[in-house]
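Structure record follows, encoded as structure tokens.
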Amino acid sequence: MSPSVLAIWAVSVLLALLGAAGVAGAVLLSAERLRAAAPEAGASGGLCPCCGYPTAGLEEDRCPECGRAFALAADVRERRRRRGLAGAGVAAMLLGGLGFPVSDAAQNGLAHALPTYLLIESLTWAPKWGDSPGVELRTRAESGTMRAWERRELAQVCNKILEGSFEPTPRRRASMLLTRVPEETGEARGAAMLRDADPAVRADGAMLFSRRAAAQVAVRTKLARLACDDRSPVVRKRAIDALRVLGDTGPEARRAFRHGLADTNDGVRRRALIAMASDPSDTGAAVGMAEVATQDRDQEIRDLAVCMLDMLTERQRALPRPGPAAGVMGLIGG
């Protein structure tokens, strides 16, 4: 903890203690005043409050005309003093309480000290503030501290930014945040992200479907095309990941995996190898691809291929083998 934060905490605690002491003093004075209940000398405005007799210069505390005690002037002064003391105490306590969010902002940044709703709204009216609001919102969404209505509001604001903004930085921040609230992001929005001109938004669209773990056939087809044809290696990697998480074993997905094994990017080849090994419907093809990958130029991919090959071999051994009758029927059918 930095010395500046410690100093803010110390001042905050001191102000809070002083404020509490001021409020307690005002309460004690009020209680003492109620217990005393004795009239005091001095009149308001130099006149008796009862009959209006001039009291200036009198040494006694009672009106010679009506016998009323002069207590109002002292009461007014005492009341003002108590109110001033209580007000100063409350103000000191409030200032002391503000010291803790100020120290939080000094230590972790202003965005960390702001409420979630204000951070969400700042995405639209302060888009050039920097990455701090987006990073803080991502952290809160991933940690589960964001409430359901806040997640819905975040998705709505990010959708508006993607639809109405043309600046890349706010749009990329919005697409990144949408991947953190996949349950609040519709499939139509995800499909639109896959068609976006910005590769960063397309990559986030693929990640969105990885987190949703559900997609229609048209979306799966688009992901397979991105895995094969997109110019951005990040988009190709995330598209392969999305197809693997979605459990797509169709011909287009398999073609995308095979195409990925021949990709020039090491990360794409690595993900394609993992995706092929994760497909239980075609273990033989996965074994063949893993054998080819053992000759890859990248050492990590070669090591991964060896591990995958051992796993696939064990899977093949565990598969039930067809009996003689099934073999005869296969020959007849051939």
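The values are calculated or read from the model by the stated rules, or taken from the named source; none is laboratory data. Values in this document were obtained by computation on a predicted structure and should not be read as measured data. Positions of Cβ are backbone-derived with ideal geometry, glycine not excepted, and every protein chain shown enters the neighbour counts. The accessibility values were calculated without ligands, DNA or RNA, using every heavy atom of the protein model including side chains. Shrake-Rupley method; radii C 1.70, N 1.55, O 1.52, S 1.80 Å.
Using the Cβ-Cβ distance between residue 258 and residue 132 with R0 = 41 Å, the FRET efficiency computed as 1/(1 + (r/R0)^6) comes to roughly 0.45. Each Cα pair under 8 Å and six or more residues apart adds its separation to the average, and for the stretch 127-251 the resulting relative contact order is 19 percent. Distance between the modelled labels on residue 232 and residue 217, one decimal in nanometres: 2.8 nm (7 Å Cα→Cβ projection). Here the dipole of the stretch 143-262 is about 320 debye; that uses its Cα centre as origin and unit charges on the Cβ of Lys and Arg (positive) and Asp and Glu (negative). Legend: residues 184, 300, sorted from most to least accessible area (1.4 Å probe; ligands, DNA and RNA excluded), read 300, 184.
The candidates 125, 149, arranged from most to least accessible area with a 1.4 Å probe in the full protein assembly, appear as 125, 149.
A simple spin-label model places pseudo-atoms 7 Å from Cα toward Cβ; at residue 266 and residue 113 they are separated by 4.4 nm. Neighbours of residue 231 by Cβ distance under 15 Å: Lys/Arg scored +1, Asp/Glu scored -1, total +1. Charges were assigned to the Cβ only: +1 to each Lys and Arg, -1 to each Asp and Glu. The resulting dipole of the stretch 259-301 about its Cα centre is roughly 60 debye.
Within the shell defined by Cβ-Cβ distances under 13 Å, the residues around residue 143 carry a net charge of +2, with Lys and Arg each +1 and Asp and Glu each -1.
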